[in-house]
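Report on the following structure.
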């Protein structure tokens, strides 16, 4: 998934946290909802501005960030 088209980072929005399509919903918000047991359908229902592919983009972004972190710490 090409999350770069969906995940945005703006210094003046949510203190520069990665957000979804310029909205004030951050990647970490979505990951916390998923971790708490919410389904993709529940999140999309609670936040009508979101789409299922936005949730997938959050997961892809987190996976990429994790890979980069592991590369840094094992180098």
Estimated FRET transfer efficiency when R0 is 22 angstrom, pair residue 1-residue 73 (beta carbons, to 0.05):
0.35
Sorted from fewest to most neighbouring beta carbons within 10 Å, what does the list 19, 58 look like?
19, 58
Using a 10 Å cut-off around each Cβ, can you sort 46, 29, 54 from fewest to most neighbouring Cβ atoms?
46, 29, 54
If each residue's Cβ is checked for other Cβ atoms within 10 Å, how do 38, 1 rank with the fewest at the top?
1, 38
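Each reported figure results from applying straightforward, stated rules to the coordinates on display, with no laboratory input. This one's a predicted model, so the numbers in the text were calculated from it and none came from an experiment. Cβ atoms come from the backbone with ideal geometry, glycine included; neighbour counts cover every protein chain shown.
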